[in-house]
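**Q** This is the structure, below, for whatever I ask next.
The values are calculated or read from the model by the stated rules, or taken from the named source; none is laboratory data. Predicted model only: the values in this text are computed from it and were never measured. Every residue, glycine among them, receives a Cβ derived from its backbone with ideal geometry; neighbour counts consider all protein chains shown. Heads up: the accessible areas ignore ligands, DNA and RNA and are worked out on the full protein's heavy atoms, side chains in. Shrake-Rupley method; radii C 1.70, N 1.55, O 1.52, S 1.80 Å.
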Amino acid sequence: ATFTFPVEDSRRRGPESQIDYKAPIELGTFLSQKDNFAACCTKKCGCHKISLPPVGTDLATGFTEAFTEGDPASELSTFLAPMRGEVDFSRFHLVSYRHNISKILMAPYTRDSWEMHVSRIAGTVFLNIVLHPEEMTVEQRKGSYMGRYFEKLCTEPEAPLCASCQQAQPVGPATPSPAGSMKPKNSFCSVVQSDLGGIRILMASEIDGFQVPEGVDPAGYVPKLEDYVELKTSKEAITPKEQNNLARFKYLKFWVQSALAGVPHIDLATRSAEGIVRSLEKIPTADLPERGRFWLPSFCFRFAHRVFSWLYSHVVEGRLYRLTFGAPHHELVLTEYPVSPIISLAAPAPAPAPAPAPAPVPVPAPAPSASTSTSDSTAPAAAPAPAAP
């Protein structure tokens, strides 16, 4: 069975009711380590105290054309395994890394192609990213390197690990970083719960670091959600085209990533084409939409709400689907295909007394059949709240 969700149809819709995204609440944290090890961590190992380099720093220092970006911490097993026993997955409609949810929120405003796996276990929908090798020009590699190098300068040295993290167990096959990668050995991730118009979401996000509040002794300080910081770099926008691209795409990406995870502000380093830091600015996440101008947060959330409801209507329990987006049709395509071992990655750990699965979402008659094109206008308004455990 194949179902489609035309994005352009959504953009032409008229005024609609507001869809609220509730402020995220942190439920736990974990450390995703090299070679696919992961551990739940209450002491927040790997969350680095931010220390910004001075203006004039050369972010291209050490760059070679052999540089590779390194995959984000987005394999679902590295999220689910350390949080089993800490979080009841069945209480949520949707479980995912932020990476996947961000792509859906930005889809109406971008042309980037992507793919992810979708499955449904015990009533909960799981999103799992599918990574493809990305062809990058030397200029793109250099820009990516400078962003990684800025993060490296801001977060060195790596913090020592607690006993729990030192005893981390592998959660899947070892995936060593390729030669030339600057991916850090350890990635700190925050797990939050939120609600998007009645759709309950459990999400993990890789966090760059934190800043100690003024007047607080930094010795032994354990950061809170409101202390987290996203580190960003951007080439200085000089021409009108560069300024429009910064507002239209970069600020959108910065806002989506930070707003979803509840990160209150970003530290932005503006650099020259050669990589010299021209300025450092702390920008509240709430101020980014005003700078963006070309996009609306309310529309991003309404669009995501319709997509999640659409997925909830069509993804069948225990089956695996491929969700794609990109050129040339600018639409989401959901395709069912044979069950694979990926399904098992999303299965919650068995509980002695499991909570009832969320009630099924009604689909307007007639129900779509195989190879049916289904626009978002047929999606239900919201997935119902799961039954109380």
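**Q** Are there any pairs with C-beta distances below 8 angstrom linking a residue in region 216-228 that is over 13 Å from residue 258 (Cβ atoms) and touching a residue at least 24 places away in the same chain (Cβ under 8 Å) to a residue that is open to solvent by 60 Å² or more (accessible area, probe 1.4 Å) and in a loop (DSSP other than H, G, I, E, B), with the two at least 6 apart or on different chains, and if so which?
**A** 222/43
Here's the yes/no breakdown for (1) open to solvent by less than 20 Å² (accessible area, probe 1.4 Å); (2) out of contact with any helix residue (DSSP H, G or I) (no Cβ under 7 Å at 6 or more places or on another chain):
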{"site": "232", "(1), (2)": "no, no"}
{"site": "240", "(1), (2)": "no, yes"}
{"site": "244", "(1), (2)": "no, yes"}
{"site": "271", "(1), (2)": "no, no"}
{"site": "279", "(1), (2)": "no, yes"}
{"site": "287", "(1), (2)": "no, yes"}
{"site": "303", "(1), (2)": "yes, no"}
{"site": "309", "(1), (2)": "yes, yes"}
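**Q** Return the total of residues in region 315-353 being modelled with pLDDT under 50, farther than 21 Å from residue 131 by Cβ and either open to solvent by 60 Å² or more (accessible area, probe 1.4 Å) or over 21 Å from the mean Cα position of the chain (by Cα) (or both).
**A** The qualifying residues number 5.
**Q** Listed residues 125, 138; which is of a type in the set (Val, Ile, Thr) and open to solvent by 30 Å² or more (accessible area, probe 1.4 Å)? Full working, then the answer.
**A** Details: 125 fails: open to solvent by 30 Å² or more (accessible area, probe 1.4 Å).
Exactly one of 125, 138 is of a type in the set (Val, Ile, Thr) and open to solvent by 30 Å² or more (accessible area, probe 1.4 Å), namely 138.
**Q** Something else about it: Checking residue 251 against (1) open to solvent by less than 70 Å² (accessible area, probe 1.4 Å); (2) under 28 Å from residue 118 (Cβ atoms); (3) assigned to a helix (DSSP H, G or I); (4) aromatic (Phe, Trp, Tyr), which single condition isn't satisfied?
**A** It fails just one condition, (2).
**Q** Does region 176-195 contain any residue that is within 30 Å of residue 315 (Cβ to Cβ), modelled with pLDDT of 90 or more, small (Gly, Ala, Ser) and within 22 Å of the chain's Cα centre (by Cα)?
**A** yes
**Q** Take residue 256 and tell me if it is assigned to a loop (DSSP other than H, G, I, E, B), of a type outside the set (Asp, Glu) and closer than 26 Å to residue 211 by Cα. Spell out how you get there, then give the answer.
**A** Details: assigned to a loop (DSSP other than H, G, I, E, B): no; of a type outside the set (Asp, Glu): yes; closer than 26 Å to residue 211 by Cα: yes.
Against the criterion (assigned to a loop (DSSP other than H, G, I, E, B), of a type outside the set (Asp, Glu) and closer than 26 Å to residue 211 by Cα), residue 256 does not qualify.
**Q** Additional query: So how many residues does region 105-122 have that are part of a loop (DSSP other than H, G, I, E, B), hydroxyl-bearing (Ser, Thr, Tyr) and either open to solvent by 30 Å² or more (accessible area, probe 1.4 Å) or farther than 17 Å from residue 256 by Cβ (or both)? Steps first, please.
**A** Filtering region 105-122 down to residues part of a loop (DSSP other than H, G, I, E, B) leaves 110-113, 122.
From what's left, hydroxyl-bearing (Ser, Thr, Tyr): 110, 113.
Those left that are additionally either open to solvent by 30 Å² or more (accessible area, probe 1.4 Å) or farther than 17 Å from residue 256 by Cβ (or both): 113.
Number of matching residues: 1.
**Q** Residue by residue through region 290-340, note down the ones that are part of a strand (DSSP E or B) and free of Cβ contacts under 8 Å to residues at least 24 places away in the same chain.
**A** The first filter runs over region 290-340 and keeps only residues part of a strand (DSSP E or B), leaving 320-326, 331-337.
Answer for region 290-340, where residues must be part of a strand (DSSP E or B) and free of Cβ contacts under 8 Å to residues at least 24 places away in the same chain: just 337.
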